[in-house]
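One structure below.
Nothing in this text is a laboratory measurement; each read-out follows from the coordinates by a stated rule. Here the structure is a predicted model, which is why all the values come from computation and not from measurement. Note: ideal-geometry Cβ built from the backbone for every residue, glycine included; neighbour counts use all protein chains shown.
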Amino acid sequence: MRLTIQINGEQHQVDDVWAGESLLYVLRERLGLPGSKNACEQGECGSCTVYLDGTAVCACLVAAGQAQDREVVTVEGLAPGAGELHPVQEAFLAAGAVQCGFCTPGLVVAAHNLVRRNPEPSDAQIREELAGNLCRCTGYEKIMDAVRMAAANTQEAGA
Amino acid sequence: MEFYRPTSWREALEIRAAQPDALPITGGTDVMVELNFDRARPAALLDLTGVPEITGWSEREGQIQIGASMSYTAIIAELADRLPCLALAARTVGSPQIRNRGTAAGNLGAGSPAGDSHPPLLATGAKVHLESVRGSRELSIDQFYLGVKRTALEPDELIRSIEVPAARGPQQFAKIGTRNAMVIAVCSFAIALDAGSRTVGTGLGSAAPTPRQATDAQDFLAEALPWADRDPLAEELANRFGELVAAAAVPIDDVRGSARYRRHALAVLARRTLGWAWEEYRCA
C-alpha cells in the first residue's frame with residue numbers, strides 16, 4: 001500500500017508498504033531515519049519511542065497504516081536545526097548519560113516528553129516516566145542526572 | 001495482507017462482516033507483537049483508530065460508557081474519580097508508551113487471563129457492548145470470557161464500548177509482578193465495595209483459564225462486614241475473605257509463578273485490598 005505521513009515536519013510518501021509492517025520499519029528501512037532503534041519489537045524497551053500526533057508511543061507497535069495522514073516526530077526531529085542539539089540532548093551529553101548509546105534516542109524522546117509537560121519533575125516522576133525505556137548498560141543514575149539537568153535548563157530557558 | 005482503515009463505525013462493521021478473518025487493531029500493543037514475531041499472519045488488519053464513534057467516554061444515569069479506542073492514559077486522566085478501580089489497574093499497565101496506545105477493549109479482545117483490565121471490570125459488574133451488522137447485544141462481563149484467549153465475541157462482531165457503573169464506594173486493585181513497570185501480572189485482584197447496596201464485587205486475574213469473580217468470597221463479605229457500625233476490620237474476617245478468594249482460583253504453574261504461590265498471593269492481595277477499601281469506607 002501507499003502511505004502519506006508527515007515526519008519531522010515534512011510530508012513523505014512511501015510505496016509498497018506491507019500491511020503488517022510497523023511504523024518503525026517504515027522509518028528505519030524505507031525512509032532512512034535510523035535514529036529510532038529496533039531492539040525488542042514488543043514495546044518492552046522503548047528504544048523506538050517517537051511522537052505520533054504528539055503522543056509518545058513505541059513505533060514498533062504502531063502498524064504502518066495507522067500512521068497514514070498523521071504527524072510523526074522522531075529523535076531526528078527534536079533539534080531546532082542541522083548541527084544543533086535540543087536542550088534535552090545537550091543534557092544527556094553534559095551528564096554523560098550515554099554509554100553504548102543504543103537506548104539513548106528512545107530515552108531522549110521520553111525525557112523530552114516529560115520535560116515539556118512537567119518542568120519540575122520529582123525523581124519518582126522521572127522514574128515512572130522513563131519506566132518504559134531500558135538501558136542495558138544500566139547507566140540509569142547518569143540518565144536521571146540528565147533529565148534533572150534538562151528540566152532545570154528548560155525552566156531557565158522559559159523563565 | 002490487506003489493511004482496512006474505516007472512517008465510521010458502520011463501515012468497520014461492514015468490513016468485519018465481509019472479512020471475519022480481518023484482525024481488529026487499535027493500540028497494537030498485543031497485535032503488533034504477534035506480527036513482529038511472526039506468530040500471527042491474519043488475512044487483514046482492521047484499523048479502528050480512524051473510527052470517531054468509539055473514542056472517548058460518556059455518562060448516563062451513573063453508567064460510564066468507555067469507547068473501544070479509549071487509551072489507558074485517557075482512562076487514568078479522565079475517569080480516576082468515577083472508576084477508581086479501573087484507573088488503578090490502568091496505571092499498572094506496561095509503561096507510559098504502552099498506556100498511551102493500549103485500550104481496555106483490546107484487553108477484552110485479546111482475552112488473556114493476565115490482562116490488567118479484567119479484575120476491575122469483574123469487580124464492578126461491567127457490561128460489554130458488542131455490535132455487528134446483524135445488530136447489537138450486551139453481555140455481562142463474566143459471560144464474555146470463555147477460555148484462555150477465547151471470548152464470546154462472534155467472528156463478525158466488534159467491541160463497541162464497555163459500560164462500567166460509576167463507583168458507589170471504595171475500590172482497590174493490586175497486582176503481583178517482579179517489578180513495577182512492564183510486567184505481566186503473576187496474579188492480580190480487584191475489590192469494589194458498594195456502600196449503597198452493601199454488596200461486594202471481586203475480580204481475579206492470572207488465577208484461572210479466564211478472569212473470574214470470587215462469588216463465595218463476595219457473598220461472605222457482604223454479609224459479614226459491619227456496614228452500619230463501621231467497626232475496624234476484624235482479622236478473622238479478612239483472613240476468611242482471603243481464604244475464600246484463594247479457593248476461587250484455579251491457577252497453573254508457569255514461568256511467572258507456581259499455582260501454590262498464586263493462591264497464597266491472592267489471599268494476601270485480597271486481605272490487603274479489603275483493608276485499604278474498608279478504611280476508606282470507615283473514614284468516608
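Summary table
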read-out: Test: residue in segment B:88-100 that is within 28 Å of B:Pro170 (Cβ to Cβ) and charged (D, E, K, R); value: yes
read-out: Boolean, A:Asn133 is within 14 Å of another protein chain (Cβ to nearest Cβ), under 24 Å from A:Thr4 (Cβ atoms), in contact with a helix residue (DSSP H, G or I) (Cβ under 9 Å, 6 or more places away or on another chain) and in a loop (DSSP other than H, G, I, E, B); value: no
read-out: Qualifying residue in segment A:59-76 (condition: of a type outside the set (Ser, Thr, Tyr), touching a residue at least 24 places away in the same chain (Cβ under 8 Å), over 22 Å from B:Leu48 (Cβ atoms) and touching a helix residue (DSSP H, G or I) at 6+ places or on another chain (Cβ under 7 Å)); value: yes
read-out: Unique residue being facing another protein chain (nearest Cβ under 9 Å) and either in contact with a strand residue (DSSP E or B) (Cβ under 9 Å, 6 or more places away or on another chain) or under 13 Å from B:Gln97 (Cβ atoms) (or both) when the list is A:Ala110, A:Ala59, A:Ala67; value: A:Ala110
read-out: Residue in segment B:20-43 that is of a type outside the set (Phe, Trp, Tyr) and away from chain A (no Cβ under 12 Å) present; value: yes
read-out: Selection count where residues are among the polar types (S, T, N, Q) and either in contact with a His (Cβ under 7 Å, 6 or more places away or on another chain) or within 14 Å of chain A (Cβ to nearest Cβ) (or both), scope segment B:165-217; value: 2
read-out: Enumeration of residues in segment B:119-144 that are more than 23 Å from B:Thr49 (Cα to Cα) and surrounded by fewer than 23 Cβ atoms within 10 Å (Cβ to Cβ); value: B:Gly125, B:Leu139, B:Ser140, B:Asp142, B:Gln143
read-out: Residues within segment A:80-94 that are crowded, with 21+ Cβ neighbours inside 10 Å and at positive phi, tallied; value: 0
read-out: Tabulated pairs, segment B:223-246, first farther than 13 Å from B:Ala277 by Cα, second surrounded by fewer than 16 Cβ atoms within 10 Å (Cβ to Cβ), C-beta under 6 angstrom, 6+ apart or interchain; value: B:Leu237/B:Ala224; B:Leu244/B:Asp216
read-out: Yes/no for B:Asp116 being surrounded by fewer than 21 Cβ atoms within 10 Å (Cβ to Cβ) and among the acidic types (Asp, Glu); value: no
read-out: Residue match in segment A:106-129 (condition: assigned to a loop (DSSP other than H, G, I, E, B) and buried (at least 24 other Cβ atoms within 10 Å of the Cβ)); value: no
read-out: Count - residues of segment B:224-278 that are surrounded by 14 or more Cβ atoms within 10 Å (Cβ to Cβ), within 22 Å of the chain's Cα centre (by Cα) and among the charged types (D, E, K, R); value: 5
read-out: Residues located in segment A:1-36, provided they are out of contact with any strand residue (DSSP E or B) (no Cβ under 9 Å at 6 or more places or on another chain), within 14 Å of another protein chain (Cβ to nearest Cβ) and among the charged types (D, E, K, R); value: A:Asp16, A:Arg28, A:Glu29
read-out: Residue check for B:Ile54: of a type in the set (A, V, I, L, M) and more than 10 Å from every other protein chain (Cβ to nearest Cβ); value: yes
read-out: Per-region count, segment B:68-108, residues among the small types (Gly, Ala, Ser), surrounded by 23 or more Cβ atoms within 10 Å (Cβ to Cβ) and away from chain A (no Cβ under 14 Å); value: 4
read-out: Residues located in segment B:184-212, provided they are surrounded by fewer than 20 Cβ atoms within 10 Å (Cβ to Cβ) and not in a strand (DSSP E or B); value: B:Ile184, B:Ala195, B:Gly196, B:Ser197, B:Arg198, B:Ala208, B:Pro209
read-out: Helices (runs of 4 or more DSSP H) lying entirely in segment B:60-171 (those with 1 or more residues that are of a type in the set (D, E, K, R) and without any contact (Cβ under 8 Å) to a residue 24 or more places away in the chain); value: B:72-79, B:84-91
